[in-house]
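Coordinate-derived values only; no laboratory data. Small disclaimer: the values here were computed from a predicted structure and weren't measured. Please note: Cβ atoms are built from the backbone with ideal geometry, for glycine as well, and neighbour counts cover all protein chains shown.
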Amino acid sequence: MKKKWFILFVVGFLMLFSLNVGVTTIFAASGSKLIIINKQNNQLAYYANGKLQKIFKVGTGRSRSLTPEGKFKIVKKIVNRPYYKGKIPGGDPRNPLGNRWLGLNARGTWGTTYAIHGNNNPSSIGKYVSSGCIRMYDQEVEWLYKQVPLYTPVIITSSSRSFKSIAASNGYKVSGGESSIPVTKSTSILKRGSKGSAVKTLQKKLTSLGYNTKGIDGSFGPNTEKAVRLFQKKHHLTVDGIVGPATKKALGIK
């Protein structure tokens, strides 16, 4: 009988030790990183080692109920995820998921339904536009993707409180005031698939300079890309059809 109890004790101890090791590994994997998303002002705060690093503008659900609230973890990281619903491959400029996907374990899903991801429509960032995901500018989510490992905790809420107060109420002690870290002003790129007022501004500028975009409709299609390439070639820029900081500067647009 004593031998039986001893065996059960050893087995139980090993199981508990195994669980503790797993928890420690997951905690260590996050590297003391933390993300907080506040839907009230559509901002995302990123913390490393308890200190506020950056604040970004984001796009969230068309209604408050669409983007889940609570404490989650990043459980999937995907570069250029395909848009299965629209049968659009990853990396395609028409892909509304952008170039990076940080999947969350929200509402019983495992990183395949809800995520922090990029977007091919920069004008939607900062607005209530999605079906539940959190949208970021492509180059900003690309930067964030490099910073956060799997199992990084993510808090999503809708609150009038500061990020520091939100963190404290969820058991995290953080430092760095929001006033000292202004919201990032994105130098978002425009490329094939981009839509919105920024594309209209681009098309008007190109047209005024003699580069025909065959319409000013706010949609970055093949004709706008061709006009951009011609402009880039004329001004000795990288001819890639993508309107980044260098091309914007040469065009005189923001």
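On the beta carbon distance between Lys51 and Ile216, with R0 = 51 Å, the FRET formula returns roughly 0.70.
The slack between Lys76 and Glu142, meaning 0.36 nm per residue of separation minus the straight C-alpha distance, is 22.3 nm. Amide H contacts of Lys33: Asn49, each under 5 Å away and 5 or more positions distant or on a separate chain (H built 1.01 Å from N in the peptide plane; Pro and chain starts excluded). Which whole-number percent is the relative contact order of the chain (Cα, under 8 Å, 6+ apart)? Here the relative contact order equals 19 percent.
Over the stretch 24-177, the Kirkwood radius and the radius of gyration, each from Cα atoms, give a ratio Rg/Rh of 0.94.
Here each label is just a point 7 Å from Cα along the line to Cβ, and for Val239 and Trp110 those points are 4.9 nm apart. Put a dot 7 Å past the Cα of Ser179, heading toward its Cβ, do the same for Lys226, and the two dots end up 5.4 nm apart. For Lys200, the lysines whose Cα falls under 26 Å of its own Cα, not counting residues fewer than eight places away in the same chain, are Lys57, Lys127, Lys185, Lys191, Lys214, Lys226, Lys233, Lys234, Lys248, Lys249, Lys254.
Under the simplified labelling scheme, the Asn170-Ser65 pair shows an inter-label distance of 2.3 nm, with each label point 7 Å from Cα along Cα→Cβ.
Counting only other residues whose beta carbon sits under 9 Å from that of Ser175, what net charge do I get with K and R as +1, D and E as -1?
Values: positive: Lys51, Lys164, Lys173; negative: none.
Once positives and negatives cancel, what remains is +3.
The angle between the Cα long axis of helix 197-208 and the longest principal axis of the Cα atoms of the chain comes to about 20 degrees, rounded to the nearest 10.
Under 5 Å between amide hydrogens, built in the peptide plane, is the criterion, and for Gly218 it picks out Lys200 among residues at least 5 positions away or on other chains.
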